[in-house]
Amino acid sequence: MEKSMSNPISPRPPNRGNLITILSIDGGGVRGTIPAVILDFLEKQLQRLDGEEARLADYFDVISGTSTGGLITAMLTAPNERNRPLYAAKEIVPFYLEHSPKIFPQPRGIFGSMGTLVKVLNGPKYDGKYLHQLVKGILGQTRLHQALTNVVIPTFDIKNLQPVLFSSFMVPVEPVLNALMSDICIGTSAAPTILPAHYFENKDEKGNLKEFNLIDGGVAANSPTLVAITEVTKQLVRKNPDFFPIKATDGERLLVISLGTGSDKINHKYNAKTAANWGLISWLFHDGSIPILDAYNQSKADMVDFHNAVAFEAFNSLDNYLRIQDDTLTGTATSSDAATKENLENLVNIGKALLKKPVSRVNFDTGIYQPIPNAGTNEDALISFAKTLSDEKRRRERTE
């Protein structure tokens, strides 16, 4: 049954419990395989507690994702014919393994590589046709307001030069944002130089028309965690009845899991001596990457993590904020579009290894993720978070 546009909030709102729960997934192309492994583990822990039918959308008040994270968000929250999530978390990794090579077909041989270079200089590296067909086939006519929990997906409008936030919370006040989830996913994934920008029009129930000229949501927020928290804070300030009487200053009541898609911060070869001699071409293309975008996206993600860590520490609730990120990637694993069988399998292994790594937090001085003493592994933390999420769900159910 389609959810009413006037009430897109999840069935058991946070005013019936103690916590506001947020899941955030970064952008990163094929590196979305890494958080997909983490999500599979988390959902399995929830199923151990609450049964095989448990799904992540049942436990989070908000799920937010940028670019590839936006696609995962839609997969986890769009309803099937039984009004349950289209995908279980365990199905996302196989989805990436199957479809990534078709979304990002790899060049073969020296002539293929030369052809790719010519393509990049004259247009997007990939035409996006397979991605568009795939996403439209999966999501069909599903619109934003039909998501099974609140969804926040950032994009960027290249015509107006401003972010466009597709948020379930905004649908009642700005109905023209109630777009097809397929258009939203294609828009947030339209990485400059990689995939073509996405144009579409949308009408609200009164016939008001709005056009969208979208590129990758990473331009606005590659790590959408802070965007999701801001959307929640707006509901508290406006005394949304599903959140009231929680106060905007009740930061200790937030529970946030933020998943990165990996970076090569530690192993990067950029430095001021070489960059001092770069011109436009080198800033846009150097050693198989795009330095200006790497710097832009990484700095934004770090600033979000800095802000969140400080804010949760100020509220004495650091245990309620979990950021899982690997900043030690090397070689092909750092690419957003290296969709070879070998690299995709390597990304799966990186995700599995990340589960075994210690819980870490960004050092404010170095910018490097450092283990937190006596905090256990990411696996341990997710098991603990799963118990907290299950308890919160049960608490809300008892108040119905």
- Subset of region 66-93, residues crowded, with 20+ Cβ neighbours inside 10 Å and closer than 18 Å to L354 by Cβ, comes to T68, G69, I72, A89, I92, V93
- Among what's in region 194-206 and is within 22 Å of F104 (Cβ to Cβ) and open to solvent by less than 100 Å² (accessible area, probe 1.4 Å), pick the residue that is modelled with the lowest pLDDT. I194
- Can you spot a residue in region 207-222 that is aromatic (F, W, Y), free of Cβ contacts under 8 Å to residues at least 60 places away in the same chain and surrounded by fewer than 24 Cβ atoms within 10 Å (Cβ to Cβ)? yes
- Message: All but one of (1) within 20 Å of the chain's Cα centre (by Cα); (2) surrounded by fewer than 15 Cβ atoms within 10 Å (Cβ to Cβ) hold for S360; state the number of the condition that does not hold.
- Response: (2)
- Of all residues in region 305-335 being of a type in the set (A, V, I, L, M) and farther than 19 Å from G29 by Cβ, which is farthest from the chain's Cα centre (by Cα)? A314
- Item | Enumeration of residues in region 127-170 that are open to solvent by 20 Å² or more (accessible area, probe 1.4 Å) and farther than 26 Å from K102 by Cα | Q146, L148, I158, K159, N160, L161, Q162, P163, L165, M170
- Message: On the basis of being outside any helix (DSSP H, G or I) and at pLDDT 95 or above, does I63 make the cut?
- Response: yes
- Message: Can you find, within region 265-295, the residue that is modelled with the highest pLDDT among those that are more than 25 Å from G65 (Cα to Cα) and of a type in the set (V, I, T)?
- Response: T274
- Message: I'd like the full set of residues that are among the small types (G, A, S) and not in a helix (DSSP H, G or I), limited to region 364-400.
- Response: G367, A375, G376
- Looking only at region 248-256, decide whether some residue is in a loop (DSSP other than H, G, I, E, B), more than 18 Å from V62 (Cβ to Cβ) and not aromatic (F, W, Y). yes
- Query: If you take the residues of region 28-56 that are open to solvent by 10 Å² or more (accessible area, probe 1.4 Å) and of a type in the set (A, V, I, L, M, F, W, C), which of them is farthest from E342 (Cα to Cα)?
  - Reply: L49
- Query: Among the residues of region 96-107, is there at least one that is modelled with pLDDT of 95 or more and of a type in the set (A, V, I, L, M)?
  - Reply: yes
- Message: Of the residues D264, D242, only one is part of a loop (DSSP other than H, G, I, E, B), within 22 Å of the chain's Cα centre (by Cα) and acidic (D, E); which?
- Response: D264
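Quick grid of which residues meet (1) within 25 Å of E392 (Cβ to Cβ); (2) surrounded by fewer than 20 Cβ atoms within 10 Å (Cβ to Cβ); (3) modelled with pLDDT of 90 or more; (4) not hydrophobic (A, V, I, L, M, F, W, C):
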position	(1), (2), (3), (4)
N297	no, no, no, yes
A301	no, no, no, no
F306	no, yes, no, no
E313	yes, yes, no, yes
S317	yes, yes, no, yes
Y321	yes, no, yes, yes
D327	no, no, no, yes
T332	no, yes, yes, yes
A338	no, no, yes, no
- Message: Cβ-Cβ under 6 Å, sequence separation 6+ or interchain: first residue in region 69-82 and assigned to a loop (DSSP other than H, G, I, E, B), partner of a type in the set (S, T, Y). Which pairs?
- Response: A78/T142
- Message: So in region 171-193, with the set limited to residues that are of a type in the set (V, I, T) and touching a residue at least 12 places away in the same chain (Cβ under 8 Å), which one is surrounded by the most Cβ atoms within 10 Å (Cβ to Cβ)?
- Response: T188
- Task: Given the conditions (1) touching a strand residue (DSSP E or B) at 6+ places or on another chain (Cβ under 6 Å); (2) in contact (Cβ under 8 Å) with a residue 60 or more places away in the chain, report the number of the one that E201 does not fulfil.
- Result: (2)
- Query: For region 230-267, which residues satisfy the criterion of being closer than 22 Å to A220 by Cβ, hydroxyl-bearing (S, T, Y) and open to solvent by 30 Å² or more (accessible area, probe 1.4 Å)?
  - Reply: T230, T233
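The values are calculated or read from the model by the stated rules, or taken from the named source; none is laboratory data. Note that this is a predicted model, so its numbers are computed, not measured. Ideal geometry is used to build each Cβ from the backbone, glycine not excepted, and the neighbour counts take in all protein chains shown. SASA here: full protein model, heavy atoms, side chains in, ligands and nucleic acids out. Shrake-Rupley method; radii C 1.70, N 1.55, O 1.52, S 1.80 Å.
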